[in-house]
Amino acid sequence: MRFSKLKLNGFKSFVDPTDLTIADGLTGVVGPNGCGKSNLLEALRWVMGETRPKAMRGGGMEDVIFAGASSRPARNFAEVSLTIDNQDRLAPAAFNDQDQLEIIRRITRDVGSAFKANGKDTRARDVQMLFADASTGAHSPSLVRQGQIAELINAKPKARRRILEEAAGISGLYQRRHEAELKLKNTEQNLLRVDDVIEQLA
Ligand code: ATP
């Protein structure tokens, strides 16, 4: 799967609709301090399902919406769209019926955020899984934040192992294991409750 287009609208400093074509090969983003280079990387992470406002350098998720400037009022929503070239048909089965896959995430003030995949409403979890399985997810080591190299050098072995696992493409399995463990815990609690009820009836 290859990213081919990124569109932003009302996301952080990108208040006006902005379309970026991601060409084959290496892409560099250059510009003066504060022009929005990191915001672009955050837009990528966000559309892939990032849920931690801190990873977006904000206090809450709505901080990704353009907050206004002296000459422009704040916006009410932010939207990021990522187009993926799927000619190699590497997307998971649920998303794999077309040559191009467009994932859109939109957040509206006081409403929250929602995802669409090729125009259809999609759960956040499915979008996160799509990218985690492709090793390009919101937590992917391919997206390097400022200060991340220093963090890596100082990281504990367990945290470093996570990075290797992400690079090996097994972080989707981790997520599934976590979900299975939560289900197991719920089931165990339900069984305990059933035992209590049976005891009361006996
Ligand atoms: P540097 O080279 O210094 O790291 P950069 O090019 O990576 O800078 P960013 O950190 O991406 O720049 O962008 C910072 C700019 O984005 C700041 O001007 C900040 O005010 C603006 N910004 C961030 N969030 C919002 C928001 N919600 N609304 C409006 N502007 C925002």
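Please treat every number below as a calculation from the coordinates, not as lab data. No experiment lies behind these values; they were computed from the predicted model shown. Glycine gets a Cβ as well: all are built from the backbone with ideal geometry, and neighbour counts include every protein chain shown.
If contacts are Cα pairs under 8 angstrom and at least 6 residues apart, what is the relative contact order of segment 111-202 in percent? It rounds to 23 percent for segment 111-202.
Volume per residue, Å³, of the convex hull around the alpha-carbon atoms of segment 106-202?
Cα-based convex hull of segment 106-202, divided per residue, equals 202 Å³.
A simple packing score, the average count of other Cβ atoms within 10 Å per residue, orders the peptides 85-91, 61-67 as 61-67, 85-91, with the highest score first.
Normalised by the residues of the chain, what does the relative contact order come to in percent, with Cα pairs under 8 Å and at least six apart?
Values: 281 pairs, mean separation 35.8, N = 202.
Dividing the mean separation by the residue count of the chain yields 18 percent.
For segment 109-202, applying the loop criterion from DSSP together with a ceiling of 12 other beta carbons within 10 Å to the trypsin sites (Lys or Arg not before Pro) yields Arg109, Arg123.
Here the Debye sum runs over all C-alpha atoms of segment 2-138 as equal scatterers in vacuum, and log10 of I(q)/I(0) at q = 0.16, 0.22 Å⁻¹ comes out as -0.82, -1.47. Between Thr18 and Lys120, the contour length at 0.36 nm per residue exceeds the Cα-Cα span by 34.5 nm.
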